[in-house]
Every structure is written in C-alpha cells, then in structure tokens.
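A short worksheet on the structure shown next.
We did not get these values from a lab; they are worked out from the coordinates using the rules stated. All of these numbers come straight from a predicted model, not from anything done at the bench. Using ideal geometry, Cβ is built from the backbone for each residue, glycine included, and neighbour counts are taken over all protein chains shown.
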Amino acid sequence: MNQIKRIISKNAVPILFAIVCLLGVYYAQMPGQFLFMEIIKRMARNSFLVLSLIIPVVAGMGLNFGIVLGALAGQIALILSTHWEWSGIGGLGLTALLATPMAVLFGVLAGMVLNKAKGREMITGMVMGFFANGVYQFIFLFLVGTVIPFDNAALRISTSPGLRNTVNLSRLRGVLDNIWTVQYGFTKIPIVTFLVIALLAIAIWAFFKTKLGQDFRAVGQDRHIAGVAGIQTDRNRILAIVFSTVLAAWGQIIFLQNIGTLNTYNSHEQVGTFAIAALLIGGASVTKATIGQALMGTFLFHLLFVVSPSAGQAIFGSAQVGEYFRVFVAYGIIAISLALHAWRSKSLAKASMEEDVSA
Amino acid sequence: MSVPVLEMKKISKSFYGTQVLDNINLTVNEGEIHCLVGENGAGKSTLMNILFGMSVITDTGGYEGDILINGSKVAFNSPKAAIGAGIGMVHQEFMLLPGFTVAENIKLNREDTKPNPFSKIFGKKLETLNRKKMSADTRSALDKLGMNIDEWVTVAGLPVGYLQFVEIAREIDKENLQLLVLDEPTAVLTESEAKQFLEVVQKLARTGISILFITHRLDEVMAVADNITILKDGELVSSGPTESYTIAQMAELMVGRKVETSGRIGNVKSEKANEAVLEIRDLRVDMPGERLRGIDLDVYKGEILGIGGLAGHGKIALANGIMGLYASQGQVRYEGMDVPLNNPREALNLGLAFVSEDRRGVGLVLEDSIANNIVLTSMQTQNEFLKPGPLKLKDQKRIMAHALESIERFDIRCTGPEQIVRRLSGGNQQKVCIARAFTQNPKLFFVSEPTRGIDVGAKSRVLELIVELNRMGVTVVITSSELAELRSISDRIAIIYEGKLSGILAPDAPDVEYGLLMAGKSLEEVGIGERATN
Ligand SMILES: Nc1ncnc2c1ncn2[C@@H]1O[C@H](COP(=O)(O)OP(=O)(O)OP(=O)(O)O)[C@@H](O)[C@H]1O
Ligand SMILES: [Mg+2]
C-alpha cells in the first residue's frame, strides 16, 4: 500500500497528465487509427530533441533553454544543404555533419556564458536563445542578399533581401523516415527514425556509466566538492552544453526532414519551450531527468497536442479553446516547475535550518 | 637525513587586507605525524588550504612564501595539482556528495574504468566505470577501518561519524599518497571511534606516509604526534618534538593564558523538583546507524540532563527525533502537551531549540552575515527583531546590538557582525550556531556535541554559557561523546545502549558504573544497586 502511494506521489505529474490526456481522448472522439498515426509521427519527430535536454540537467545546469542555438545550427546547415542541393540520406548525413562544428562552436560559447552565470543558467539560456535568434534573423533576413551575395531562386526572392519565409526541403523530405517503414493500418511507422532515437537513448544511458558521465553527475551534485576532488568543473559544464547543443542540432534536422519545409524564421522558436515542457510533463525536474521521463513526456505532451482541439470543440464548442489549452499547458508547466525550483532552492536554506539547528 | 616530504617556508596570507598567517615555517618528514594546534581562527585550516591549492586561497590573491615537496618547489593552483603530487586532505567540512554512494564518493575522480569501443576512439574519459573493481577497493578500504557499512549505500542520511570514516577511506585508498592532511578529523568522532581512528593513522605513518594532523583534543596530540607546531593569531608561537611539551603548556601557548582543562563547571545543585517537563514514551527514531528502539525518559524541569553512550547506539537520535528531523514514532509530551513528531516547525514553535551535532548541515546561511544568522530563527519563529507594524521590517539596530553582544559573549573571532559566515573559521561558525540557539530564548534546549571543533580555551566558555542559560531557568538536554564534558555540567546522565536506555547516573558516579552501562550491563545485574537510577 505504502509502496503504491510512494510511486504515485513520485510520479504525480505524469499521472495527472495521463488522466487529462485520457479525458481528452474520451471527449475528442477521434478514431484510434488517426490518433495512433499522429502520435507515431510526433514521437518520431520530437523525441530526439527532448532527449538532448537530459545531459545538462544531470550536470546541474537545469533545463537547457539554449538548445535553440543547436536548432539554429541545424537550420543553417539545412539552408546550406538546400543551396548545394544535397539530397537523399547521404545528403542528410552530410547536413548533420555540417551542423556539428557549428553546434560545437555555439555550445562552447553558450557554455562559457553559462559559467559566468552560475545559478542563473536557465534564465541566461533563455536570453541567449533570444539573442541568437536576433543574430540569426539579422543575418538571414537582412545581410543575405545584400552584404552576403547569395543567389538561389529556391531560397531567395531576388527582388527583396533575405531568405524566403519558407524553404522547401524537398530533397531531404522524409529521407530518414522512409528508409524502412512498417505499415500498420494507415500508419507508416518510420523504423529507422525510431532506431536512431533508441540508439541515442542507449548512448545517453551508457554515457552516464562512463568516467565522463560520472564527472557530470558529480559536478551536478555539488560543484565545490567535485572541484576539490580535482574535477575540472567549468570544463565539464561547457562539455555538457556542447553535447546538448550538438544533439539539438541533429534533433532539429530530424524534425525538419520529417516536416519537409523549413519556416526560416519560426521553426526554431518553440523548440526550447516545447521540448522542455515535454520533459517536465514526463516527471523530470530542474535537477533530475531520465530517459524514461523524456520519452514518456514526449508521448503525453503530444497526445495532449493532438486531442486538445477536438476535445475543446466537443466540450466548449470551440476548437480554439483547445488550441489555447495546449499552449497554456506548455507554458504553464514550465512556469510552475521554474517557480517550484526557485521556491525550493530558496526554502532550502530554511529547510536545512529547520532541519538542523533550531530553526 | 633525507629531504623532508614537505617544507613550508615563510608562508603569509591575508584575506581582504586582514593578515591571517604571518611567516609560518613548517617541516614534515617521511612517516612523521605532525600536529598543528591553535585556537579557533588561528589559521590552521588556511595554512592547509594553501598547501592543497584550494580555490579560497587562489581566488583571494594567493599567498606568499614557498612550498617544497620532496625538496622541489611547487605552487598548487588547484586541488587537482595537489592530489597529483600525492597530497590527500580530509577537510574540516565534509567533502562527500550526498546523492552518491559510499563507493562512488571514495572513488570520486579516481574511478576505475575499463575500455570500450568508443573509449578507444574518443579517449580514456569515455571508458566505462568498473564497478566491480570500485566495489572491491572500497570494501578493502572500509575493512581497514573496521567499517562494515555497505559500499553501495547512498551517503545522504548517514550519521556524521560514518561520513568521517568514509572520507578517511577515500584518502587511504589513494595509491600515490605521501602526505595526508587531516583537518580536525576526530571532532565528529566519539572517543572510541577516535581511538580506532588514531590507530589507523599511526599504522599509515609506519608505512611511510606523512601526516599533518589538526585537532583540538590535546590528549590525542600527546598520544600520536612526533612533532607539534602551535599557531596563535596567524603566528607560529612554538614548534618542537612532542616530548618537550605537556598538555598544559600547549594549551597555554595556544591561548596565551593558563587554561583550566577539567573540573566541574555546574555546581551540583540542591535537590531539584522532580517535575517532568518532557515525557518521552516508547520513542523510536529511524536514524540510519543511530537507531533508537523505544525509550522512556523524563526530563525534569530546570535540570541539565546529559545523554551519553557509545557511537552507533542511538544517543544522538533522541534530540533529532524529538525535533522532527528523522522519522520517529512514540509519544513525546512537553509541559503536558503532545509534541507532534516529524514536524520540525511545531517543535520550534513549542519553544524547543536545537544545536545539531551535524557541523556541515548546521543550517548556517553561509553567504549571509553573522548578525543575520544569529537572529534568523528568532525572527522566523518568534517574530523577534522586527519593527512594530505590519511590514515586518528588520530592526537593524537591535539586530546589530544583539550580534555584537553575542560575538563578545561567545568570543566569536571575526572582523565584525557584518562578516559573512563562510569567512569564519570552522570553530567560529560553530559558535555562531550556538549563539543563534541562545537567541531563541528557548524553554527547553537540546544541544548535541556543543564543543565539537571548539578550542580548549573556548570550550569551557561554551559549557559555562550553557550552565548560565540553565540557571536562568532553561531545561537543557546535552548530548555528547565526551563523558568528561557531560559530567562537568549535567545533573543526571542517561546512558543509551543499543537504542534503549541503559540507566541513569549521577555525574559523580564512579567510572566503572559508566563503563558498565555503556557496555549494556545493568547495575543491578552486577550488584551495584540502584543508587543513582532515577
Ligand atoms: N574565505 C575567507 N575569507 C576571509 N577570511 C577568512 C576566510 N577563511 C578564513 N578566514 C579567516 O582566517 C582566519 C583563520 O581561519 P582558519 O579557518 O584558518 O582557522 P582555524 O585555525 O582552522 O580555526 P578552527 O579551529 O576554528 O577551524 C580566521 O580569522 C578567519 O576568519
Ligand atoms: Mg579550521
């Protein structure tokens, strides 16, 4: 009995969301086939990005809002690959390869900034995301075609500066998903994409069994003590962010090859918030995240996404309400967990006092 | 003679313009046990932090002077460098990761690994942890210390005595160790644990490892030291072989005046009314390693009740349980009212105060000032030190006045009430804790290991203050591993054995009776009668 209670209280968030999702599924009255298809599609698209968040959490740097930088690296690589007309799975691999050094560079820079802002990593990461977005917009909206000569009808309208709003990724669309699919009802299950995700999950799991992974865990627990044991804490923190940024770049490429079009100025915008919301819904917190939580969270979050418009329509007579609801949920869960975190770290001093001395 | 393992020459250090070390010389030879003694704030830890390349030193402008290891000059700018040169250190505060297991902590940054396909490409850092090897090494290090805890148990929640042994196990597991710095390792140990620990230290020294040992227990110094260095206010006042000192001389050199080391501080009081203020019935406390398995005990109004017993038998769990810090069951009534268990806040609201034996988690807000730390609890639980009015503004003037008074009273060595607590020496942080509990104006005061880490001069001062508090009508329950300390101030002493009350003795009861109770024999059993019981 106690055991059950413990399990429930430990997993309160995912359980709550599972219930909300079930209600949503019930009211939305969607055909099972359709639901299954949507979920499979979205899991394949998003899981990689969500998994990219785990390492910084374990390294004590909180939720990495800076994965937006990784997403940008992925998009820049995609723009270039479109320009050079890379295609097929080889083209996709090349694109990922091209994105990697950019992501490493962004990661190192971000890591260095975060080391200057210890204890405020999350807000700093968020601001960095906005800043990087600004630079990106400036380059691709303004410099390209004016200062930077760039002529390509697929990417630019020659009469005005900047890239097109949407870039068609036709040469890369679905190249990973379609290598091998298994048909189930209407749904084509992209086996290879899921294998890639599984590979990443195993890699992360194995990584935390290595020396470097252990160092990350130690730094995440207590920087000072890790440092006294001779672990180079700042270096490890930068590395953690580099890993996360590179994974996010690859994750964004996988995401966009599935979608097939790049919204040059928007695709990356919600990468951070949505991935983080998914992770949190899976029951992760600012200081603890597991692979299971990431996958469970991705599933629940996207289930909620799929059903809320129809559920809103059924319950409130308006799909719009459902749309609002899902955005509300995404931001709401982030706000709550950040507030909880702030409250906890503030009351930690108090608690430890209550705990021991007297107070 | 061969080259000394360590030579420190003309070491000076100042923090923010305050000189805390002035021209210190120190030499340690192979296999030597060198004791470093001095008052709280004398500069012992600072000297050792310099040697170990700690960031508190490098971040505050470094130091002056030279350090030679095996005759060659070194300047460690990080602990990593010092560790690489074969220096190990057990710090005054615990350096264990709470969420890691014992084995993970002992092997921290020295993990055994085995190669895998990726590590062959990307380097050693990606080798897989060899948990088997880590486990075996940990086991053998723990066995050397006579510890039988499981190597894969998480460190969080282990009693402090255990933590200290884990720290020591970590050091003795280091293969290249040639100089081991021990900053007050025995402060958190009971007498028997400390004895066992000192034997380990001597054994290590015999294998050729040099030991730099800091302690406030001067009898330990006499027992193990080959040479002694005495610091006072950052200056070296005396140094030489142990034979040339007596305990009294050492104490006098440290403190600068004659120190009374023993004797009863509290006057044996005239019969106190045997009116119970605190009734404890069948109290069970689930404190790992210090379980209390059902105890009945009355605390009388206005007395000082000592709680003694060997380590691991549960004496420290009593106060921790009543204050709600560890899961407990049973019944506790205070002045006829039920004390809700497992609820620290309620216990505080009832007017109980507690100074914990846990120095690391003493609950100081390290980044805040001495003044704020002293008034914190009173402010939160009793709305003291606030200006009248709904805004609950801090009454800075009163806070400062009170802080100044406390600093004087407890002899806290600092630059002023505004000083940040992190910048105090360990012993002085401890004094801030005690000052805070006093500030609460408690009605019932639990204090555990009050003089742990406090120097000989200040020790009797702290005990005197507890007696003074008691004279003002406060009931005191003092837990201590030092029997002499208990006997010097308590009215009665309860001995705990295997989680149960073994008996209650008068402070002047003969040593044998204490020995018997601590060994779990009842006095009746051996025919001593029930003279002092209850
Ligand atoms: N980080 C710091 N910043 C400023 N001053 C400091 C700092 N650390 C220590 N001090 C000061 O240096 C002096 C020596 O402190 P140290 O910790 O070396 O004393 P100690 O001899 O180890 O005392 P104890 O027996 O209490 O541990 C003290 O006056 C202390 O206030
Ligand atoms: Mg010290």
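Taking a ≥ b ≥ c as the square roots of the Cα gyration tensor eigenvalues, with a/c under 1.5 meaning rounded and otherwise prolate when a/b beats b/c, else oblate, which class fits the range B:109-166?
prolate
Test of understanding: given chain B, find the longest segment containing no trypsin sites (Lys or Arg not before Pro) that are in a DSSP loop and have at most 12 other Cβ atoms within 10 Å.
Between exposed loop sites, the widest span is B:1-256.
Specify the residue with the greatest mean-square fluctuation among A:ALA248, A:ALA229, A:ALA314, computed from a Gaussian network of chain A linking alpha-carbon atoms under 10 Å apart.
A:ALA229
With angles folded into 0 to 90 degrees, how steeply does helix B:131-144 sit against the dominant principal axis of chain B? Use alpha carbons for both and round to 10.
Roughly 70 degrees, rounded to the nearest 10.
Divide, for the range B:28-112, the radius of gyration over alpha carbons by 2.2 N^0.38 Å, where N is the residue count.
1.22
Could you tell me whether the range A:249-319 comes out rounded, prolate or oblate from its Cα gyration tensor? Rule is a ≥ b ≥ c as square roots of the eigenvalues, rounded for a/c under 1.5, then prolate if a/b exceeds b/c, otherwise oblate.
Oblate, since a/c reaches 1.5 and b/c is not below a/b.
Taking neighbour Cβ counts within 10 Å as the exposure measure, how do A:VAL127, B:VAL181, B:VAL155, B:VAL476 sort from fewest upward? All intermediate terms of the calculation are to be shown ahead of the outcome.
Details: A:VAL127 15, B:VAL181 27, B:VAL155 19, B:VAL476 24.
Sorted ascending by nearby Cβ count, the order is A:VAL127, B:VAL155, B:VAL476, B:VAL181.
Can you give me the C-alpha center-to-center distance between the range A:223-282 and the range B:62-80, rounded to a whole angstrom?
One Cα centre to the other: 40 Å.
Expressed as an acute angle from 0 to 90° and rounded to the nearest 10, what is the orientation of the C-alpha long axis of helix B:426-439 relative to the principal long axis of chain B?
20
Measuring from label point to label point, each 7 Å out along Cα→Cβ, what is the A:TRP205 to A:ILE19 span in nm?
Label-label distance for A:TRP205 and A:ILE19, simple model: 3.0 nm.
Using alpha carbons only, how many angstrom separate the centre of the range A:21-90 from the centre of the range B:125-203?
Taking the Cα centre of each part, the range A:21-90 and the range B:125-203 sit 46 Å apart.
Calculate the translational D of the range A:43-291 in whole µm² s⁻¹ from Stokes-Einstein, where the hydrodynamic radius comes from the Kirkwood formula applied to all Cα pairs, the temperature is 20 °C and the viscosity 1.002 mPa s.
Numbers: Rh = 18.6 Å.
Rounded to a whole number, D works out at 115 µm²/s.
Relative to the compact-globule scaling 2.2 N^0.38 Å, provide the ratio for the alpha-carbon radius of gyration of the protein assembly as shown.
Against the compact-globule rule of thumb, the ratio is 1.10.
From the phi angles alone, apply the Karplus equation (6.51, -1.76, 1.60; θ = phi - 60°) to the range B:442-456 and give each ³J(HN,Hα) in whole Hz, x where the residue is Gly or Pro.
Working through the residues one at a time gives x, 9, 10, 10, 9, 9, 10, 6, x, 9, 4, x, 10, 6, 4 Hz.
Within 10 Å of each Cβ of B:440-448, how many other protein chain Cβ atoms are there on average?
1
To make sure I understand the rule: partners must be lysines, Cα under 27 Å from the Cα of B:LYS125, and not fewer than 8 residues away in the same chain. Which ones qualify?
Counting by Cα, and skipping residues close in sequence, B:LYS125 has these lysines nearby: A:LYS116, A:LYS118, A:LYS209, A:LYS211, A:LYS288, B:LYS80, B:LYS107, B:LYS114, B:LYS133, B:LYS174.
Relative to the compact globular guide of 2.2 N^0.38 Å, what is the alpha carbon radius of gyration of chain B, as a ratio? Walk me through the numbers on the way to the answer.
Details: Rg = 24.0 Å, N = 534, 2.2 N^0.38 = 23.9 Å.
The value comes to 1.00.
In percent, what relative contact order does chain A have, based on Cα pairs under 8 Å that are 6 or more apart in sequence?
31
Per DSSP helix of 4 or more residues, -39500 (n - 2.57); summed, then divided by the residues of the protein assembly as shown. What does that give at 222 nm, rounded to the nearest 500?
On the way: 32 runs with 423 residues, N = 893.
Rounded to the nearest 500, it is -15000 deg cm²/dmol.
Test of the criteria: in the range A:1-99, which chymotrypsin sites (Phe, Trp or Tyr not before Pro) are in a DSSP loop and have at most 15 other Cβ atoms within 10 angstrom of their Cβ?
On the way: sites: A:PHE17, A:TYR26, A:TYR27, A:PHE34, A:PHE36, A:PHE48, A:PHE65, A:TRP84, A:TRP86; in loops: A:PHE65, A:TRP84, A:TRP86.
In loop regions of the range A:1-99 (DSSP not H, G, I, E or B), the sparsely surrounded chymotrypsin sites (Phe, Trp or Tyr not before Pro) are A:TRP84.
Roughly how crowded by other chains is peptide A:212-222, in terms of the mean Cβ count from those chains within 10 Å of each of its Cβ atoms?
Whole-number average of other-chain Cβ neighbours for A:212-222 is 5.
Going through the DSSP H helices of chain A, which span 18 Å or more along their own axis at the Cα atoms while scoring at least 0.0 as a mean Kyte-Doolittle hydropathy?
Qualifying helices: A:12-28, A:32-51, A:67-83, A:88-115, A:121-137, A:191-207, A:233-259, A:291-316, A:319-355.
If each residue of separation counts as 0.36 nm, what is the full-extension length gain between B:SER14 and B:LYS73 once their alpha-carbon separation is subtracted?
Between B:SER14 and B:LYS73, full extension yields 19.1 nm more.
Gain in length, B:ASN25 to B:GLN380, computed as 0.36 nm per residue apart minus the alpha-carbon separation, to one decimal in nm?
That works out to 123.1 nm of additional length.
Counting only other chains, what is the mean number of Cβ atoms within 10 angstrom of the Cβ of each residue in peptide B:73-84? Write out the running numbers ahead of the final one.
Working: counts 0, 0, 0, 0, 0, 4, 5, 6, 1, 2, 3, 1.
Mean partner shielding for this stretch: 2.
Between A:ASN263 and B:GLU346, what FRET efficiency follows from the Cβ-Cβ distance if R0 is 60 Å, with the result rounded to 0.05?
Result of the calculation: an efficiency of 0.60.
Looking at chain B, which longest stretch skips every one of the GluC sites (Glu not before Pro) that is in a DSSP loop with at most 12 other Cβ atoms within 10 Å, leaving the sites themselves out?
Counting at most 12 other Cβ atoms within 10 Å as exposed, the longest clean stretch of chain B is B:1-174.
Between the DSSP loop rule and a limit of at most 15 other Cβ atoms within 10 Å, which chymotrypsin sites (Phe, Trp or Tyr not before Pro) in the range A:134-240 are left?
Counting only loop positions with at most 15 other Cβ atoms within 10 Å, the chymotrypsin sites (Phe, Trp or Tyr not before Pro) in the range A:134-240 are A:TRP180, A:PHE186.
Pull out a ≥ b ≥ c, the square roots of the eigenvalues of the alpha-carbon gyration tensor of the range B:382-477, then state rounded if a/c is under 1.5, prolate if not and a/b is larger than b/c, and oblate in the remaining case.
Oblate, because a/c is 1.5 or more while a/b does not exceed b/c.
I need the phi-derived Karplus couplings for the range B:306-321: 6.51 cos²θ - 1.76 cosθ + 1.60, θ = phi - 60°, integer Hz, Gly and Pro marked x.
x, 10, x, x, 7, 4, x, 9, x, 5, 6, 6, 4, 5, 4, x
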